[in-house]
1. Being more than 20 Å from Pro338 (Cβ to Cβ) and either crowded, with 20+ Cβ neighbours inside 10 Å or touching a Leu at 6+ places or on another chain (Cβ under 8 Å) (or both) is the filter here; which residues of region 290-318 pass it?
2. Identify all residues within region 26-67 that are under 30 Å from the mean Cα position of the chain (by Cα) and hydroxyl-bearing (Ser, Thr, Tyr); write none if there are none.
3. Anything in region 93-116 that is surrounded by fewer than 23 Cβ atoms within 10 Å (Cβ to Cβ) and free of Cβ contacts under 8 Å to residues at least 40 places away in the same chain? List them, or say none.
4. Of all residues in region 219-233, which are farther than 21 Å from Val176 by Cβ and open to solvent by less than 30 Å² (accessible area, probe 1.4 Å)?
5. What are the residue pairs meeting all of these: first residue in region 17-33, first residue touching a residue at least 24 places away in the same chain (Cβ under 8 Å), second residue part of a loop (DSSP other than H, G, I, E, B) and hydroxyl-bearing (Ser, Thr, Tyr), Cβ atoms under 7 Å, and 6 or more apart or on different chains?
6. Condition check: in contact with a helix residue (DSSP H, G or I) (Cβ under 8 Å, 6 or more places away or on another chain), of a type in the set (S, T, N, Q), surrounded by 13 or more Cβ atoms within 10 Å (Cβ to Cβ) and more than 25 Å from Pro363 (Cβ to Cβ). Does Asn7 satisfy that?
7. Checking the condition over 25 Å from Lys370 (Cβ atoms) and not β-branched (Val, Ile, Thr), which residue from Ser91, Ser130 passes?
8. So which residues in region 207-218 are surrounded by 22 or more Cβ atoms within 10 Å (Cβ to Cβ) and either polar (S, T, N, Q) or within 18 Å of the chain's Cα centre (by Cα) (or both)?
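The values are calculated or read from the model by the stated rules, or taken from the named source; none is laboratory data. What you see is a predicted model, and the numbers here were worked out from it, not measured in a lab. Counting neighbours? That spans all protein chains shown, and the Cβs are built from the backbone with ideal geometry, glycine included. With ligands, DNA and RNA removed, areas are computed over all heavy atoms of the protein, side chains included. Shrake-Rupley method; radii C 1.70, N 1.55, O 1.52, S 1.80 Å.
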Amino acid sequence: METVKLNRIGQRKIKQGICVLEESDVLSLPVSNQYVRLSDESGKIIGQGYLSQQNKGIGWVISSQPFTANPAFFQDLFSKAEAKRQHYAQSELTTAYRLFNQDGDGFGGLTIDFYDQYALFTWYNEFIYSQKEMILKAFQAQFPQILGAYEKIRFKGLGFESAHLYGNEAPETFLVKENGVNYQVFLNDGLMTGIFLDQHEVRGSLVDGLALGESLLNMFSYTAAFSVAAAMGGAVETTSVDLAKRSRELSEAHFVANGLPLDNHRFVVMDVFEYFRYAKRKGLSYDVIVIDPPSFARNKKQTFSVAKDYHRLIEQALGILNPNGIIVASTNASNLTPEKFKKELQKGFGKTKFRYLQTNRLPADFAVNKNDESSNYLKVFTIQVEK
């Protein structure tokens, strides 16, 4: 096993418990796609991990102590991860949740999600993918009840994004439950699945009546999961807006799965800023507005970055929000701290008075590295606007 020397910045990060390795943390990069010992500048071993280029850094610290990566090592990780999630495993109201979450469960570069009777593995770099057979062996030993598994590829070079891994093949689409609500999902169609599992507590607040008796506008709606949750929680009408043409079909499927008539639920394929202008022009207004954009997006007319442009969404939302309405402001940008996100929100509200009703971070199944704020990437603020 090769030894990679860390500079003082890298050494400090290990002491702090941060697991992501950046190129700026090492003195040189003699190797890649392999396990490595990590040392200080004098050569003293201070940790062990692996190097592999990915969207987030160049590798991961796994432990401050030596370890042997074998099926028993991974099965122990999976056993501990399973124990953390007994609440979800025993629930009759929720059948989709995260089983294993990167450094929050002791091994960066890998996530595993549970969709009813199937598992979904997501590989974030070339090296963790090369360990696939050993990891699958350990997983099947720990979770023999799983009927079958699929994979998503989050790095470039393989020429495909999704595939069946082992066991039974799932139906092309099937239903999972979350907070007692049905959602139609798919496991072998690109990188998406039809629902973002990290938002289940926010959707839970809608199911519990956050929009009871009110109208809701869902921006960047994808498959309108927030809208369905609101409708099941008593919202009298919903409007879901997304630029992707396929969003309408996928959104309607969620409503049909719950026996909800579509009469009071609209699905609009349009750029969100264009829809804000359209709504204002038509005199449309809403009691609750959910804003959950991607961290970065580009269309033919403009680019959007959460860190720089979120305030524009708030400004536009205020123009069509009913008096004393609610804005659910969400971002999954890991490079944006809660404090910086709040500053961006404040910029959007300007002199408008508002108060925070609720804050959501990642739910318990999305275990985080408590020593690394960026590990807890989700930030959702439910805000009462006083006007």
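1. Scanning region 290-318 gives Asn299, Phe304, Gln316.
2. Scanning region 26-67 gives Ser32, Tyr35, Tyr50, Ser52, Ser63, Ser64.
3. The answer is Thr111, Ile112.
4. Result: Met219, single match.
5. Ser32/Ser52; Asn33/Ser52
6. Against the criterion (in contact with a helix residue (DSSP H, G or I) (Cβ under 8 Å, 6 or more places away or on another chain), of a type in the set (S, T, N, Q), surrounded by 13 or more Cβ atoms within 10 Å (Cβ to Cβ) and more than 25 Å from Pro363 (Cβ to Cβ)), Asn7 qualifies.
7. Of Ser91, Ser130, the one residue that is over 25 Å from Lys370 (Cβ atoms) and not β-branched (Val, Ile, Thr) is Ser130.
8. Asn218
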